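J.: What follows is a structure written as structure tokens; I'll ask about it next.
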Amino acid sequence: MTSRTSGINKGMNMKRIQKQAYAYINGNLEKAIIDNRVFGSFIEHLGRAVYGGIYQPDHPSADTAGFRQDVITLVKDLHVPIIRYPGGNFVSNYHWEDGVGPVECRPRRLDLAWKSIETNAIGLHEFYNWILKVHSQILMAINLGTRGIADACNLVEYCNIPSGSKYSDLRVSHGQKKPYGIKTWCLGNEMDGPWQIGHKTAEEYGRLATETAKALKQIDPQIELVCCGSSNSKMPTYPSWEAETLDHLYEYVDYISMHQYYGNEDGDSENFLASSLDMDDFISTVCATCDYIKAKHRSPKTMNICFDEWNVWFHSKKNDDNAMKEAPWRVAPSLLEDIYTFEDALVVASLLMTIIKHANRVKIACLAQLVNVIAPIMTEKDGTAWTQTIFYPFQALSVYGRGVVLESNIDTPVHTTKDHPIVPDIEVLATKDSEMGTISIFVLNRNLTDSIDLRCDLHGCDHYILSKQLILHSDNLHAVNGPHSTPVYLENQDCATFADGNLVTQLLPASWNIFILHQKRVALE
């Protein structure tokens with residue numbers, strides 16, 4: 001183990017020893033298939049995510065439906081395959097019927113979750129049409145807070161049955177002849193949380209969600225269902241919540257949800273940059289709890305994970321709490337509009353790398369959220385849409401990190417932080433996309449002061465060439481992007497060599513690096 005600072009005495013002088021790390025990647029050993037839905041995101045009726053975010057009819061870029069085309073372009077650049085909707089805390093008091101039918105007939109409602117007014121100008125039909133524009137799918141959340149089995153059944157019938165029944169015919173009468181065909185559904189949101197409208201005990205939720213799941217799969221046996229896991233790993237009921245609810249639900253659902261946000265409230269950057277270690281432990285614990293219930297039930301089925309809320313979130317919390325208390329019941333107030341730093345981008349990169357490393361169990365994940373609300377994309381009311389620092393690692397992993405996870409091991413210097421006794425300086429993820437003929441190597445140097453020499457032994461990769469090198473780096477951990485400047489973005493670099501299956505490079509301190517290998521072209525005979 002290499003200490004955080006090391007050196008040797010030569011007479012009266014102290015010379016610094018360059019730190020080194022060694023990685024082994026097996027290009028022939030595939031650990032897990034990556035489900036593309038791990039690159040999902042989230043749009044909630046919260047703040048300016050919908051109104052003033054994706055939808056702004058008076059904006060110069062708005063299309064005939066009122067959707068901002070500048071936002072559509074940026075969302076498409078992220079290649080997001082699934083988007084959770086309409087909440088979030090919002091869904092636990094949401095009446096889906098308010099958002100269908102003629103817009104002029106829709107009621108204005110109090111949104112108890114975010115102390116706002118919901119106009120219902122955007123509902124299921126409008127959001128579905130927006131989803132088609134960004135080439136995605138809906139992960140639909142059901143209200144199990146103030147509503148129950150009957151309303152959930154009515155909604156699935158409305159969405160997925162072609163015609164010939166009360167709610168499917170209602171959809172047809174609203175101008176949508178073809179079913180929406182929504183195939184993945186969340187059975188409530190954060191029902192373990194006392195802040196949730198309709199909060200329930202594990203026993204209460206387990207019974208309600210089980211009976212709801214059984215009924216919904218009678219209507220559409222092809223749907224996938226996600227049950228609520230713990231709202232975060234600090235909940236006093238974690239992980240007993242998972243065990244108790246799954247005792248009821250195990251044979252009736254396909255995924256259990258995970259939610260977790262990270263922040264640097266105390267300004268401890270070293271500790272913050274180790275957040276992915278906490279996420280790794282969280283995922284492993286939930287998987288172990290699921291496997292305990294699997295064994296208890298003697299079930300052949302393996303429960304998978306839907307990590308449908310994850311991100312950095314801490315910049316705006318105090319101000320948002322005050323704003324909701326002092327000025328409630330506004331339409332689309334500015335809430336949760338964190339402005340992200342370069343440091344936050346490094347953490348987001350490491351979190352998504354961790355999710356992908358668990359691709360054998362994490363099949364869906366949603367960056368929360370997508371536009372304006374703790375988001376990679378921001379909008380100005382009368383101006384442009386722009387990209388935050390966290391846009392770039394998410395986009396790069398979404399573009400280059402598909403296919404399969406390769407076996408990799410790392411021998412790296414380590415250090416200690418407040419919450420983590422052993423923190424690797426270097427994190428490595430390797431993926432292989434056989435369809436594209438590429439291997440992608442993602443490398444984080446979370447050491448804040450030291451460059452590290454990295455040597456990667458890529459077994460079975462002699463027929464590849466190094467075709468692209470990218471780096472996310474700034475000398476200022478607190479650098480932010482804005483509507484008129486983008487100091488933090490992925491840049492091309494030329495610091496690595498690749499020959500005879502060995503990649504050699506030097507990693508700058510506090511940097512995130514990508515190395516793309518392409519198969520050599522074979523001349524046609």
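J.: Specify the residue that is farthest from the chain's Cα centre (by Cα); the eligible residues are those in the stretch 126-147 that are open to solvent by 30 Å² or more (accessible area, probe 1.4 Å) and hydroxyl-bearing (Ser, Thr, Tyr).
T.: 146
J.: Let me ask another. Name the residues in the stretch 197-208 that are of a type outside the set (Gly, Ala, Ser) and open to solvent by 10 Å² or more (accessible area, probe 1.4 Å), would you?
T.: Of everything in the stretch 197-208, those that are of a type outside the set (Gly, Ala, Ser) and open to solvent by 10 Å² or more (accessible area, probe 1.4 Å) turn out to be 197, 199, 200, 201, 203, 204, 207, 208.
Residue-by-condition table, conditions (1) surrounded by fewer than 23 Cβ atoms within 10 Å (Cβ to Cβ); (2) modelled with pLDDT under 95; (3) more than 25 Å from residue 426 (Cα to Cα):
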| position | (1), (2), (3) |
| --- | --- |
| 2 | yes, yes, no |
| 6 | yes, yes, no |
| 12 | yes, yes, yes |
| 15 | yes, yes, no |
| 21 | yes, no, no |
| 33 | yes, no, no |
| 37 | yes, no, yes |
| 46 | no, no, yes |
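J.: Of (1) in a loop (DSSP other than H, G, I, E, B); (2) touching a helix residue (DSSP H, G or I) at 6+ places or on another chain (Cβ under 7 Å), residue 472 satisfies all except one. Which?
T.: (1)
J.: Considering only residues that are touching a strand residue (DSSP E or B) at 6+ places or on another chain (Cβ under 8 Å), surrounded by fewer than 18 Cβ atoms within 10 Å (Cβ to Cβ) and free of Cβ contacts under 8 Å to residues at least 24 places away in the same chain, which ones fall in the stretch 88-120?
T.: 108, 109 - these are the residues of the stretch 88-120 that are touching a strand residue (DSSP E or B) at 6+ places or on another chain (Cβ under 8 Å), surrounded by fewer than 18 Cβ atoms within 10 Å (Cβ to Cβ) and free of Cβ contacts under 8 Å to residues at least 24 places away in the same chain.
J.: Now, a different point. Go through the stretch 151-185 and report how many residues are among the small types (Gly, Ala, Ser), more than 29 Å from residue 307 (Cβ to Cβ) and either in a loop (DSSP other than H, G, I, E, B) or open to solvent by 40 Å² or more (accessible area, probe 1.4 Å) (or both).
T.: Going through the stretch 151-185 one residue at a time, the tally reaches 5.
J.: May I ask you to list the residues in the stretch 343-385 that are open to solvent by less than 10 Å² (accessible area, probe 1.4 Å), out of contact with any helix residue (DSSP H, G or I) (no Cβ under 7 Å at 6 or more places or on another chain) and farther than 15 Å from residue 429 by Cβ?
T.: Answer for the stretch 343-385, where residues must be open to solvent by less than 10 Å² (accessible area, probe 1.4 Å), out of contact with any helix residue (DSSP H, G or I) (no Cβ under 7 Å at 6 or more places or on another chain) and farther than 15 Å from residue 429 by Cβ: 344, 366, 368, 369, 372, 373, 374, 375, 378.
J.: OK, next. Which members of the stretch 325-342 meet the condition of being within 28 Å of residue 81 (Cβ to Cβ) and either open to solvent by less than 60 Å² (accessible area, probe 1.4 Å) or without any contact (Cβ under 8 Å) to a residue 60 or more places away in the chain (or both)?
T.: 332, 335, 336, 337, 338, 340, 341, 342 - these are the residues of the stretch 325-342 that are within 28 Å of residue 81 (Cβ to Cβ) and either open to solvent by less than 60 Å² (accessible area, probe 1.4 Å) or without any contact (Cβ under 8 Å) to a residue 60 or more places away in the chain (or both).
J.: I would also like to ask the following. So residue 471 ticks every box in (1) farther than 30 Å from residue 380 by Cα; (2) open to solvent by 10 Å² or more (accessible area, probe 1.4 Å); (3) not charged (D, E, K, R) but one. Which box is left unticked?
T.: In the conditions (1) farther than 30 Å from residue 380 by Cα; (2) open to solvent by 10 Å² or more (accessible area, probe 1.4 Å); (3) not charged (D, E, K, R), residue 471 misses (1) alone.
J.: Using the structure shown, decide if residue 123 is open to solvent by less than 30 Å² (accessible area, probe 1.4 Å), touching a Gly at 6+ places or on another chain (Cβ under 6 Å) and farther than 18 Å from residue 223 by Cα.
T.: Here the answer is yes, as residue 123 does meet what is asked.
J.: Would it be correct to say that residue 410 is of a type in the set (Val, Ile, Thr), open to solvent by 10 Å² or more (accessible area, probe 1.4 Å) and part of a strand (DSSP E or B)?
T.: Yes.
J.: Of the residues 479, 496, only one is among the small types (Gly, Ala, Ser), open to solvent by less than 60 Å² (accessible area, probe 1.4 Å) and under 24 Å from residue 270 (Cβ atoms); which?
T.: Going through 479, 496 in turn, the sole match is 479.
The values are calculated or read from the model by the stated rules, or taken from the named source; none is laboratory data. What you see is a predicted model, and the numbers here were worked out from it, not measured in a lab. All Cβ positions, glycine included, derive from the backbone under ideal geometry; neighbour counts span all protein chains shown. Surface areas here come from the heavy atoms of the whole protein model, side chains and all, with no ligands, DNA or RNA. Shrake-Rupley method; radii C 1.70, N 1.55, O 1.52, S 1.80 Å.
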